[in-house]
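The values are calculated or read from the model by the stated rules, or taken from the named source; none is laboratory data. Predicted model, so just to flag it, every value in this text is computed and none were measured. Using ideal geometry, Cβ is built from the backbone for each residue, glycine included, and neighbour counts are taken over all protein chains shown.
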C-alpha cells in the first residue's frame, strides 16, 4: 500500500490534524493517556532568510492523565526536521512558547502561571551520538546536601523545566515490538518508492490499518500531490544550498585552520629562534664569566707573587741593614727567617 511520506511537512500536518491520530501518536511518545488535545495553531514554519532553512512545528494544549489518574494541562511542542540542520535552533524557539501562552492566559485564573512544556522532536536523520530510536530526557531533582535524588511535585519546577522526547525515525528496527515502533512504520524511510514523498508499505500493523488508509487518501488528490512535489523540489534546492554553504563553510574553516597552523608554526619557529639566541647569549655570558674568573685568578696569583717578592725584598733590605750594623748572623736569622747562606751572600 502506498501512502504519503509523513516526513514531508504537508503529509505530517495532514496526519496530525486528525485529532484521534494526533492523540494516539503523542500518547505513545509521552506514555500518558491524553483526554483532550487542542491544536493551538495550525503550524509554524520558521524560516532563516540567511541560510534558507525552515523548521516545521505544531503546538498543542493537552489534558493528560498519569498512572495515578491525576490530570494536568500541558503544552506540547512538536517539532519536525526532515534534514540535518542546526540542532540548537530547536531550543531557541521554546522561549517564544512560554511567552505566547503566558500572555494568552494572563487573565485566566486557571492558568495564572505558564503551563509545563513537553517538547517532542521528530528527526528524519540519525544523530551519531544517540544510537536509539526514541529517548526521553527528564531532569532529575538533586538535594545539594546529600547529593541524592529526591521525588517531589512542584509546579514551580515543572514550569521552569521541561521534558523532551527525541524520535529518530531512521533508527526503526526490523523487528517491531512496541506500539510506538509499530506506529512509526508509517515513517519507515526504507520503503520510499520511486518518489521520495511516497512510501510503499510492505507490512501494515493490524491495529493501525485505518491510519494507513487515511494516509493513502491524499495520493488521489492532484493538488495535494503537486504540493508534495513542490515541497520535494524545495527540499532539493534547500539541500543543494545547504550543501554548498556547508562546503564553503568547511573550506573557510580549513583555510583558517591552515592559516592558524602556519601562524602557529611561524610563532614556534620565532620562539625556537629566540630560545637558540638566548642559549647562545647564555653560553657567551658563561664563557665570558669563565674568562673573567680565570683572569681574576691569574691577577690574584700575580698579586700574591708580587706581595711575596715585595715582602722578601723588605726582609732582605732589613737583613742588609742589620748586617751593616754588625748584628750577629744568628740574630738576623731570628729577625728575618732567612737562611745563614742567604745572609752570608748579601
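Based on what the data block shows, is residue 324 surrounded by fewer than 10 Cβ atoms within 10 Å (Cβ to Cβ) and either in contact with a strand residue (DSSP E or B) (Cβ under 7 Å, 6 or more places away or on another chain) or free of Cβ contacts under 8 Å to residues at least 24 places away in the same chain (or both)? Show your work before the answer.
Values: surrounded by fewer than 10 Cβ atoms within 10 Å (Cβ to Cβ): yes; either in contact with a strand residue (DSSP E or B) (Cβ under 7 Å, 6 or more places away or on another chain) or free of Cβ contacts under 8 Å to residues at least 24 places away in the same chain (or both): yes.
The answer is yes for residue 324.
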Would you confirm whether or not region 234-256 contains a residue that is surrounded by 11 or more Cβ atoms within 10 Å (Cβ to Cβ), touching a strand residue (DSSP E or B) at 6+ places or on another chain (Cβ under 8 Å) and within 30 Å of residue 83 (Cα to Cα)? yes
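Residue under question is residue 183, and the condition is that it be closer than 26 Å to residue 210 by Cβ, part of a helix (DSSP H, G or I) and in the same structural domain as residue 83 (by TED's automatic domain parsing); does it hold? Walk me through how you get there before you give the answer.
Working: closer than 26 Å to residue 210 by Cβ: yes; part of a helix (DSSP H, G or I): yes; in the same structural domain as residue 83 (by TED's automatic domain parsing): yes.
Considered against the rule, which asks whether it is closer than 26 Å to residue 210 by Cβ, part of a helix (DSSP H, G or I) and in the same structural domain as residue 83 (by TED's automatic domain parsing), residue 183 comes out as yes.
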Please work out which one of (1) over 39 Å from the mean Cα position of the chain (by Cα); (2) over 21 Å from residue 82 (Cβ atoms) is the condition residue 224 fails and give its number. (2)
Mind checking which pairs have a first residue in region 185-197 that is closer than 14 Å to residue 173 by Cβ and a second that is not in a loop (DSSP other than H, G, I, E, B), Cβ under 8 Å, 6 or more apart or different chains? 185/208; 187/122; 187/169; 188/169; 188/199; 189/169; 189/170; 189/199
Scan region 34-63 and report the pairs whose first residue is on the phi > 0 side of the Ramachandran plot and not assigned by TED's automatic domain parsing to the domain that holds residue 14 and whose second residue is at pLDDT below 65 and exposed (fewer than 14 other Cβ atoms within 10 Å of the Cβ), with Cβ atoms within less than 7 Å and a gap of 6+ or a chain change. none
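Got a sec? Which of 61, 50 is at pLDDT 55 or above and surrounded by fewer than 19 Cβ atoms within 10 Å (Cβ to Cβ)? Talk me through it step by step, then tell me what you get.
Values: 50 fails: at pLDDT 55 or above.
It is 61.
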Where residue 261 falls short, out of the listed (1) loosely packed, with under 10 Cβ neighbours inside 10 Å; (2) assigned to a helix (DSSP H, G or I): (1)
